[in-house]
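Have a look at the structure below, then the notes.
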Amino acid sequence: MAAGRTGGGWTEIAAYPAAAPDSPAEHATITRLRAATAPDGGLVGGADAQRMDTATTASRDRGIVVPLVLGAVFLLLAGLLRSLAAPLLLTAATVAVWAAALGIGGLVFGPVLGFHGIDPGLPLLSFVFLVALGVDYGIFLTHRMREEAGRGADPHRATIAALESTGGVIASAGVVLAATFTVLTTLPLVMMVEMGLVIAVGVLLDTFVVRTLLVPAAATLLSHRLWWPWLPAAHRREHARPAEGTGERTAAR
């Protein structure tokens, strides 16, 4: 520990923790220093303290932004698709893609690229990008499924027709977007490399796994329940016919 500059009633003291940089022990030391100097108005700064503050701020922002974005997306999808089940499925799929992309990135950053952890702002930035892109693809697919269901197609046929008409567009857009974000990995900035890799992986997962396999499979299994509580008009008429017929036969007797 060594005294530094003095002026205006302040004295700068340089302290060097014995623990390794960015380690839990160093973070604990900074926290203890802040607790000890706070009553006297002291401040603890430095590169490591700033990174701690950045991580804390990023965590707080995620707790606010992520629920707000998901809530807004759910409401917009519910209004567009006139359903509650389909927006829940699409929102859950988008969150799963984001989590999987971050997990794959974490497996690559350290062991393969030699990065020490991830940038604190990466989870939130990647979430915003992947939600925006994933919801677009989900709208293309599910809105076409609803159109087919409205024409009277059974859930399996509606899903196949939607894949046939939108699958090529979604796949092409996904490949182009993934290639575009992959370019960021060539920049000499760790943050850009991490963001480019995570978003590219997320877009590919969303394109070739979620929208091609998982969402169609879930839609087929859910059948007409996917459009709950507002069934398409064709299915409302189909469900109403047996009841009407039964009433007529009862009256005839």
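Only the coordinates and a few stated rules stand behind these numbers; no lab work does. Predicted, not measured: the structure shown is a model, and the values here were computed from it. All Cβ positions, glycine included, derive from the backbone under ideal geometry; neighbour counts span all protein chains shown.
So here's what we get for this one:
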| read-out | value |
| --- | --- |
| Under the Karplus curve 6.51 cos²θ - 1.76 cosθ + 1.60, θ = phi - 60°, whole-Hz ³J(HN,Hα) for the range 209-226, x wherever Gly or Pro sits | 10, 6, 6, 8, 10, 5, 5, x, 5, 5, 5, 5, 5, 6, 6, 5, 5, 4 |
| Residues R51, R60, R151 arranged by fewest to most Cβ contacts within 10 Å | R60, R151, R51 |
| Cβ charges +1 (Lys, Arg) and -1 (Asp, Glu), total dipole of the chain, debye | 1040 debye |
| Furthest towards positive pole of dipole, I30, L81, V44, structure part the range 18-82, Cβ charges | L81 |
| The chain, helix-only ellipticity at 222 nm - DSSP H runs n ≥ 4, -39,500 (n - 2.57), divided by all residues, nearest 500 | -24000 deg cm²/dmol |
| For the range 145-153, Karplus couplings with θ = phi - 60° (6.51, -1.76, 1.60), whole Hz, Gly/Pro x | 4, 5, 4, 5, 5, x, 7, x, 6 |
| D (Stokes-Einstein, µm²/s), Kirkwood Cα radius, the range 2-129, 1.002 mPa s at 20 °C | 117 µm²/s |
| Karplus-derived 3J(HN,Hα), 6.51/-1.76/1.60, for each residue of the range 196-205, Hz, glycine and proline x | x, 5, 5, 5, 4, 5, x, 5, 5, 4 |
| Average Cα contact separation per residue, the range 65-236, under 8 Å, 6 or more apart, as relative contact order % | 33 percent |
| Amide proton proximity set for I13, modelled H, under 5 Å, gap of 5+ | G4 |
| Tilt relative to the chain, helix 24-37 - C-alpha long axis, 0 to 90 degrees, to 10 | 70 degrees |
| For V131, net neighbour charge (Lys/Arg +1, Asp/Glu -1) across residues whose Cβ lies under 13 Å away | -1 |
| Descending principal axes extents, the chain, alpha-carbon based, whole Å | 102, 41, 28 |
| Likely footprinting exposure, M195, M52, fewest C-beta neighbours within 10 Å first | M52, M195 |
| Global form of the range 46-105, assessed from the alpha-carbon gyration tensor, a/c cut-off 1.5 | oblate |
| Cα gyration tensor category, rounded, prolate or oblate, for the range 129-209 with a/c compared to 1.5 | prolate |
